[in-house]
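A quick write-up on the structure given underneath.
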């Protein structure tokens, strides 16, 4: 058993599952957005803004943002443990990644849910 | 022209400050020899060459090495399988410390093997004769027990190169699943609880280098997938 404290799920199984589920959510969201852009004729501000005004779209977007943040945390945590061997630099890099994920998540929520 | 160019990784810690490649020429008389035979011919020219070998028939797993970029057992690899452009390049298995020439320190490899507790554990009362298995239960061990621990797989795995102290590696995990799948072993839950961290099993990225090089044709990636399924079933 190798102990870890900076990975998202605190366990390998949990991280593995989070990575798969978040990937599926991101794929669905991407397909939906691309499909919407391709198939909505005369796309204007009102259509776009109307889409994001609906509750289900806000939930879907928030789910996608949370998925991106979790996916990035798990993935980049793995990269740092593979390639950054000095513990001090690794902890600093992981802290920056986790903080950036948090900032982007709150910013995303504000864009979609804010006034 | 039956001369073969052999390029060998040489390192003697007592005299060399750094490893270097040394060129040899060997007359194979046009025969499709095994790489190990060529090594013996080189050793006749320079008896300071160090390499491990024992059974010379792919059973003991001593002569694992990197031949023209691919790990394998020198004793069962014919020249026709590896030689490119009349040249044979031999290096030690990558990723582990070199002791001398083609001899590596396999300490970390064995440490990971030891970690998975490679022996049967059973907490129930032993029967008077032996613990029986049905033919179906025995079939589950096929493709697992044949491993000879030559380390060709683990030393071809980038995840093992980066984290040999934390990631068990394909050889250890294949053996781990050999005991997880054994109907006579009752320590399944304890074994799984030692493996559910982000490194031991989950550092496997499924690139299947291990499968590509295994001289016994085994499939550690499939075994790792089965361990992952068991971990998932145990944890959800």
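Residue count for segment B:49-67 satisfying the condition of being over 14 Å from residue B:102 (Cβ atoms) and touching a strand residue (DSSP E or B) at 6+ places or on another chain (Cβ under 6 Å): 1.
Residues B:176, B:200: which one is over 24 Å from residue A:85 (Cβ atoms) and surrounded by 24 or more Cβ atoms within 10 Å (Cβ to Cβ)?
B:176
Looking only at residues in segment A:5-22 that are touching a residue at least 12 places away in the same chain (Cβ under 8 Å) and within 14 Å of another protein chain (Cβ to nearest Cβ), the one that is surrounded by the fewest Cβ atoms within 10 Å (Cβ to Cβ) is A:21. Can you confirm whether segment B:72-94 contains a residue that is closer than 19 Å to residue B:216 by Cα and loosely packed, with under 14 Cβ neighbours inside 10 Å? Checked segment B:72-94: at least one residue is closer than 19 Å to residue B:216 by Cα and loosely packed, with under 14 Cβ neighbours inside 10 Å. Here are the criteria: (1) assigned by TED's automatic domain parsing to the domain that holds residue B:150; (2) in contact with a helix residue (DSSP H, G or I) (Cβ under 8 Å, 6 or more places away or on another chain); (3) assigned to a helix (DSSP H, G or I). Tell me which single one residue B:111 does not satisfy. Evaluating residue B:111 over (1) assigned by TED's automatic domain parsing to the domain that holds residue B:150; (2) in contact with a helix residue (DSSP H, G or I) (Cβ under 8 Å, 6 or more places away or on another chain); (3) assigned to a helix (DSSP H, G or I) leaves (2) as the failure.
Residue pairs whose Cβ atoms lie under 8 Å apart, separated by 6 or more positions or on different chains, with the first residue in segment A:41-52 and touching a residue at least 24 places away in the same chain (Cβ under 8 Å) and the second part of a helix (DSSP H, G or I), are A:52/A:58; A:52/A:61; A:52/A:112. Of the candidates A:74, A:2, the single residue that is in contact (Cβ under 8 Å) with a residue 12 or more places away in the chain, within 14 Å of another protein chain (Cβ to nearest Cβ) and under 30 Å from residue B:117 (Cα atoms) is A:74.
The values are calculated or read from the model by the stated rules, or taken from the named source; none is laboratory data. Owing to the predicted nature of the structure, the values given are computational and were not obtained by experimental measurement. Here Cβ is always computed from backbone atoms with ideal geometry, including for glycine, and neighbour counts include all displayed protein chains.
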